[in-house]
Structure formats: C-alpha cells, structure tokens
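Heads up, the thing below is written out as structure tokens.
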Amino acid sequence: MEEQRKSVWKHISSFFAGCMNTVSYVLLIVGISLLISTFGLLFVNDFLALVQDDIPVTIPLREDTPTDAVAEMLKEEKVIDYPFLFKLLMKFKKIETIPAGDYDLNRNMDYGQIKDTFFAKKVTRAVVSVTIPEGYNLKEICALLVEKNVVTEESFWDVANNYDFAHFMLKDVPLGENRLEGYLFPDTYEFYTTSDNINQRSHTIDVINKMLNNFVKKYTTPMRNLTEARGMTIAEVVNVASLVEKECKVDEERTMIAGVIYNRLKSSSFPFLQIDPTILYVTGHKEALTAEDLLIDSPYNTYTHEGLPPTAICNPGVACMMAAIQPENHNYYYYVAKPDGSHIFSRTLEEHNRAVADVAAGKYDE
C-alpha cells in the first residue's frame, strides 16, 4: 500500500513538473516574441521614419567617407537611431563610401530617401567669400548675403526670427524679431551659394549657424568669466558693445565711450541714454536726425525710453565687447564728435555745451 502511494505521488509530481516546464517554456517563447516584436517595431519605425519630426539637418562630408562613419554621423544628428541598420542597407546595396559634399537631409526621411539624397545628381554650387564688417546690423547682413547669392531674403528672416538655435548665448533670448542682432559675428566667411534645387531653410540655418559658431569661438572663456564677475549677462554686454561700435570711430576711445554709457545708466540724473544710433536703427541711415526723429515711437528710441534698447543695434567686434566688459572708470557723462571722428568728453552740461559750440564754430576743422 505504501509503495502504491509513493508511485502515485511520483506520477503526480512528474505531471506538475512537466506542466511547470511547459509553462516556463511558453512564457519564454512569449517573452522572446514580445521582445522581437518590440524591437521589430522600433527598427521598422526607424527604417521607414514613421514617427519622426520635420527637422532639417545638413551633413557635411569634406571627402569620400566610409558608410560606417556616415552612419555614426547620422546617429549623432538624430537622423537615424540604429546605425547598424543603415550599415546593413549599405552592405546590401554594395555601397562602401558616400561621395564628398554637403547633404541637406531631414529627420523625417526614411533610409531609402537618405540613400537617394547621397547619390542624387549633384547640384553645382559655387563657394563665395563674404566679409561682414564690424557694425553691420541684421538688415545689412541680409542684404549682403542676398547680393552674394548666399541666401534668399525670405529664408534669412524666417530662420533668424523663428529657428531656435541652441547656442549658449541665446539660451534666454526669446524667439522673435531681431533676436540674433549682435550675435552674427563680423568676419570673412566662405559660403556655398544658394540655388532653386536645395532646401533653402536648411541651407540658411547652416549659413547663420556658421556665424553663431564663430561668436561662440570669439567670446572666450576669460571673457565669459569677466562678464560674470561684472554681474552682467552676455546680452547686456553685446547690447552696450553695439552702442560703442556705432559711436566710436577712434580705437582708443572705445573704453571711454563705454564708461560714459555706464555712468549714465547708473545715474538718476540721466534717465535717458540719448544715443543717436539707436534711433537710426529704426529710421535707417540719415545725415542728421530731426526733432521729429527724436520723438519717434519705438523702444529703440533712447531719447524717450529709459535704459538700454531691447536688443543690440548692430553686430560688434571683440574690441567693442571687451570695452563693454572692461570700461574706463571716469566722471564723464557727455561727448561730442569732432570732424575727425574723435570726441570731446565733458563732465558737466556746461562743459558739454561749450564743446558743442566750439565744434559748431569750426574750432576743430582741419
């Protein structure tokens, strides 16, 4: 009887053990299937770009580049998520290198569109040298780039006002009109010309990005440290520097003029900066401002609005930015320009009025 019970219990134990093994096996298969299906969906989504944002990206290849390296570049620019899939496609197509060139892609492109872009018939694009002088404002830069056939006017303003560049100095600068004023660093650049066969917005982003990258390079870590030590933001420095750039014709006077600007900003006796170029920023170039101009209804009118203008009024060079960071300490509150471009600096209104009268009388004429 005891042996029969042991035999029955053995069969029951074997049955349940078998069931448990079967359940574990089934669960394992189900788990693997779910894993494969999940990754399969991810791979398919990436391959076909089913749920991707419409964001233009430019991939610059300065020489014929192995497909493995290109796959990693595409991953870095978030055009693809899985480089090994792109490498497999290239191997299947027996493609080992991608030809040199600048390729306008988009994150919503599927793998086939990316491949076709790399091997589409090349559009011949000339390279042009463009020198942006210190003190040019956005309108002048736009006109110059359009004249040189680098961008279209429409694409320039669309990108300048609406594209959210990620550079550190723009972190707290809201999107909108004139937001890039002061940050398109004046220098000599090599740009590709534009054409009807390219993505204008993507190309313009690349053009402006090059100038912003130059600003980042020129606004060095020591300059950033000095800015912080002075308790200023980069936006304030660029704003003041743009005023100095427009007011100063003699290199040695940059820090003097910056000192006058700060003296006025700190003094309750001078609620208004009264700097003519801020009005000219709105009215355009004129030989002389009229009484009506001084009353123009604009936040850039420093004769009627307190403090600094809303943005910089031009794109200053490093020298003027350094003057804005390290102004000369003095007690001057006024200056008037002489015919040679230099200035007479005065401490009081009485001194200033005499200096203005002397200039008007031709005392400093050559």
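Rule-based calculations on the coordinates, nothing more; no lab input. Just so we're clear, the structure is a prediction, and the values are computed from it rather than from any experiment. Using ideal geometry, Cβ is built from the backbone for each residue, glycine included, and neighbour counts are taken over all protein chains shown.
Residues of the range 293-317 with an amide N closer than 15 Å to a point placed 7 Å from the Cα of D164 along the Cα-to-Cβ direction: none.
As an exercise, identify the chymotrypsin sites (Phe, Trp or Tyr not before Pro) in the range 271-352 lying in DSSP coil whose Cβ has no more than 14 other Cβ atoms within 10 Å. Don't skip to the answer; put the middle values down first.
Details: sites: F272, Y281, Y300, Y303, Y332, Y333, Y334, Y335, F345; in loops: F272, Y300, Y303, Y332, Y333.
Answer in residue order: F272.
In sequence order, the range 57-70 has phi-based couplings of 9, 10, 10, x, 10, 7, 8, 4, 10, x, 4, 4, 5, 5 Hz under the Karplus curve 6.51 cos²θ - 1.76 cosθ + 1.60, θ = phi - 60°, and Gly or Pro positions carry x.
Taking amide H atoms as placed 1.01 Å from N in the peptide plane, the amide H of K338 lies under 5 Å from those of H343, I344, each 5 or more residues away in sequence or on another chain. In this structure, the amide hydrogen of I98, modeled 1.01 Å from its nitrogen in the peptide plane, lies closer than 5 angstrom to those of T65, T67, counting only residues at least 5 positions away or on a different chain.
3J(HN,Hα) along the range 219-233: 8, 6, 4, x, 5, 5, 5, 5, 4, 5, 5, 7, x, 10, 9 Hz, from the Karplus curve 6.51 cos²θ - 1.76 cosθ + 1.60 with θ = phi - 60°, whole Hz, x for Gly and Pro. Spin-label model, A229/D54: points 7 Å from Cα along the beta carbon direction are separated by 4.9 nm. For L61, the residues 5 or more places off, or on other chains, whose built amide H falls under 5 Å of its own are G101, D102, Y103.
Only one residue of L184, F156, N137 has its Cα farthest out toward the positive end of the dipole of the range 127-218, where Lys and Arg carry +1 and Asp and Glu -1 on Cβ, and that residue is L184.
Taken one residue at a time, the phi angles of the range 108-113 give Karplus couplings (6.51, -1.76, 1.60, θ = phi - 60°) of 8, 7, 7, 4, x, 5 Hz. Gly and Pro are set to x.
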